[in-house]
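Notes follow once the structure below has been shown.
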Amino acid sequence: MVHDPALDAHEHAEHAEHAAHERDPFISRVAITVAVLAVLAAVAGSLETVEGGKALGASSEAVLRQDEATDRWSEFQADGLKRHMYTIAAAGGGAQADAWRKTAKDESAKQATDRKKATENESDRDRLLAESRTHEGRHHWLTGSATLFEIGIAMSTVAIITRRRWLSFGATAFGVCGILLLGLSYVV
């Protein structure tokens, strides 16, 4: 079953509107609480989805940067082997010794470029992993926030059915806690 926060918010708002027609001030107050909590649950649920997507995207990009770094380090090692072979060939002397020395020097320059690009890729990977962790953390806080709003909605519904004021106060308390988690998700 797919959870659609916007559809849930709409359904809760309709139930709240229907309950408000009874003209009982308690029912009207709790119905408004349900509508507000439903909107907040939809907002938290939508933000939760966005943060989850951003976490996954940053993590995927980090994997690509690690692959690029691995490729660069492989090139670095291969160029090092070639440099050593050309250095050995140049040390052997002969007509080609100067050409081998120049080629060994060129391979050394390629190694410096490979090292630089590999470390840049690793740096990007680390940054993306940190970004992914930040989004994942927000995702968890927003999940908690949406859950508290949903609990508040359920308690409000029971308060309407049983006409228990303490349940409506509890629902409001869960809503306030949900708002705190929603705010903290972008602070922590």
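The values are calculated or read from the model by the stated rules, or taken from the named source; none is laboratory data. Fair warning: this is a prediction, and the values are worked out from it, not measured in the lab. Methodologically, a virtual Cβ is constructed for each residue, glycine included, from the backbone with ideal geometry; neighbour enumeration extends over all protein chains shown.
Things to note:
- Going through (1) under 30 Å from I161 (Cα atoms); (2) touching a residue at least 24 places away in the same chain (Cβ under 8 Å); (3) of a type outside the set (S, T, N, Q) one by one, P25 falls short only on (2).
- Inclusion of H12 among residues that are surrounded by fewer than 14 Cβ atoms within 10 Å (Cβ to Cβ) and either modelled with pLDDT of 95 or more or assigned to a helix (DSSP H, G or I) (or both) is not warranted.
- Residue list for the stretch 76-90, filter: in contact (Cβ under 8 Å) with a residue 24 or more places away in the chain and more than 11 Å from D114 (Cβ to Cβ): K82, R83
- Looking across V176, V188, one residue alone is touching a Phe, Trp or Tyr at 6+ places or on another chain (Cβ under 9 Å) and either within 30 Å of R72 (Cβ to Cβ) or of a type outside the set (D, E) (or both). It is V188.
- Residue check, G137 under 16 Å from the mean Cα position of the chain (by Cα) and over 30 Å from S28 (Cβ atoms): yes
- Cβ pairs under 8 Å, 6+ apart, first in the stretch 158-172 and surrounded by fewer than 19 Cβ atoms within 10 Å (Cβ to Cβ), second basic (K, R): V158/R164
- Flag if G45 is touching a Pro at 6+ places or on another chain (Cβ under 8 Å) and either among the charged types (D, E, K, R) or in contact (Cβ under 8 Å) with a residue 12 or more places away in the chain (or both): yes
- Scanning the stretch 64-96 for residues that are of a type in the set (A, V, I, L, M, F, W, C) and surrounded by fewer than 13 Cβ atoms within 10 Å (Cβ to Cβ), we see that the one that is nearest to S123 (Cα to Cα) is L81.
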